[in-house]
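Undergrad: Dumping the structure here so I can ask a few things about it.
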Amino acid sequence: MDHEAAEPRSGSASAVADRVRQVIAAAGVSQREFARRIVMDPSKLSRSLGGTRRFTAAELARIADTAGADAAWLLGSTRTPGGAGRGRRVRVVSADAVPDGGRPLQIVRETVRLIAEHGYHAVRVADIAAACATSTATIHYHFPGRDDLLEAAVRRCIDEDTARRAARLSGARDAADELRRLIELQTPYGEQQRRRWRVWLDLWAEAARSTAVGRLHGEYYRQWRDTVADVVRRGVAQGVFRPDADPRATALGLTALVDGLAAQVLAAAPDAPAPGSTTAEDMHAALRRYVAATLARPAS
C-alpha cells in the first residue's frame, strides 16, 4: 500500500481536490508554481487533483499553511471556527505576505543548509526545529517522516539547480558559450558551489537506499543530460560543434565526468589541497579538454 496516498478521515477525495483547486485559483499562480511553493512533486499534485491519488494530511497541512487557508475547511470540514457552512470561500494570503514561501519552504531550506554543513544522518529533527525557531511538532506536522523531509529537500535542490542553469544560459552567444557556462556552473570554485555539491553527494548516497529519492535522482539526471544534449544539438546546427557529434553520448560522458571530478575536488581541502589531489582548476581544465576532444570542429 502506498502510505503517501492515504486519504484524510474527513471529506471525500473529490471534495478535498475541489477545495485545493480553489486555493490554487485564489493564489493566482500556475499549478507547477503552487507545487513548488508547497514542496510537492508536480505530478503528485496533478494526480491528486485528477482523482487518481489522494492528498495526504501532511500535504494538505502544507497547502493550508502556505496559502493561508483554513486547515479544517481544507481537510473537508463543513463547519469552521467562524461558523461558516458549506461553500465557504477560502481566504488566501498573498505571496508577499508569506515570507520566503511560508513554513514548509523554510523547513526545507534549513534542512538543506544543515545537510550541507553536517551531513544528512547527523541532522536531527530537533536541529531543524531550532534553525526554524519552532517546535519538532511543527516539523512533523508538515513532514511526518524523515523520508518525507528528505524527498522535499531533494526536490528543492532540483528546483534551485534548474533555475540556476536557466539563468546562467540566458544571454549566451551560441551553444559553445552555453556549454562553457554550464561547465563553470558545475565546477566547485567557491564555498557556495562546494556547499551545493556537498548536499548532492549526501543525497546521492540516500538515493541508493530510498525508492522515492532514487526516482527523483533519476528524474533530475534525465533532465540534466537532456539539457547538455540539447546544447550539443544546437551547436551542431549552428556549426560551432563538429557535424558528426553524438549529442546523447557526449551528454552522458560529460555529466559522468562532471560528477566524478566534483567528488574528487570535494575530497580535497579547498585552501591547502594535498599534493596530487584534484582541484577545481584541474576539474575545469579536464572538462574543457573533453569538450575540445569530442566537439571541436576539425581544422580545415
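Undergrad: Compute the signed sum of charges (Lys and Arg +1, Asp and Glu -1) over the other residues within less than 15 Å, Cβ to Cβ, of Ala116.
TA: Combined, the nearby Lys, Arg, Asp and Glu give -1.
Undergrad: Leaving out ligands, DNA and RNA, what percent of the accessible area of the range 13-75 is carbon and sulfur, probe 1.4 Å?
TA: 49
Undergrad: Follow-up question, since we're still on this one. For the range 141-220, what does the accessible surface come to per residue with a 1.4 Å probe? Please give it in Å².
TA: Each residue of the range 141-220 exposes 44 Å² on average to a 1.4 Å probe.
Undergrad: I've got another one for you. Per the Cauchy relation, a quarter of the hull surface: what is the mean projected area of the convex hull of the alpha carbons in the range 172-239, in nm²?
TA: Over every viewing direction, the Cα hull of the range 172-239 projects on average to 5.2 nm².
Undergrad: Once you place label points 7 Å from the Cα toward the Cβ at Asp18 and Arg113, how far apart are they in nm?
TA: In this crude label model, Asp18 to Arg113 measures out at 4.2 nm.
Undergrad: A further question follows. Just checking my list [x] 22.5, 81; [y] 23.5, 73; [z] 19.3, 58 against Rg and Dmax of the Cα atoms in Å computed from this structure; which label fits?
TA: So the structure-derived entry is [x].
Undergrad: Turning to a different aspect of this structure: Tell me the mean residue ellipticity at 222 nm calculated for the chain from its helices only (DSSP H runs of n ≥ 4, each -39500 (n - 2.57), averaged over every residue, nearest 500).
TA: -21000 deg cm²/dmol
Undergrad: Shifting gears a bit: Given the Cα-Cα distance of Leu266 and Asp230 and 0.36 nm per residue of separation, how much length would full extension add, in nm?
TA: Length gained, Leu266 through Asp230: 10.1 nm.
Undergrad: Let me make sure I get this right: for the range 100-144, a, b and c are the square roots of the gyration tensor eigenvalues over alpha carbons, sorted descending. Under 1.5 in a/c it's rounded, otherwise prolate if a/b > b/c, else oblate. Which is it?
TA: Oblate is the answer for the range 100-144, as a/c is 1.5 or above yet b/c matches or exceeds a/b.
Undergrad: Quick check: at a probe of 1.4 Å, how many percent of the accessible area of the range 146-295 sits on carbon and sulfur atoms?
TA: Heavy-atom surface of the range 146-295 belonging to carbon and sulfur, 1.4 Å probe: 53 percent.
Undergrad: Rolling a 1.4 Å sphere over the protein heavy atoms, what is the accessible area per residue of the range 13-75, to the nearest Å²?
TA: Here the residues of the range 13-75 average 37 Å² of exposed surface.
The values are calculated or read from the model by the stated rules, or taken from the named source; none is laboratory data. Every value quoted in this text rests on a predicted model; they were computed, and no experiment measured them. All Cβ positions, even for glycine, are placed from backbone atoms using ideal geometry, and neighbour counts span all protein chains on display. When the accessible area is computed, the model is the full protein with side chains, heavy atoms only, and any ligands, DNA or RNA have been set aside. Shrake-Rupley method; radii C 1.70, N 1.55, O 1.52, S 1.80 Å.
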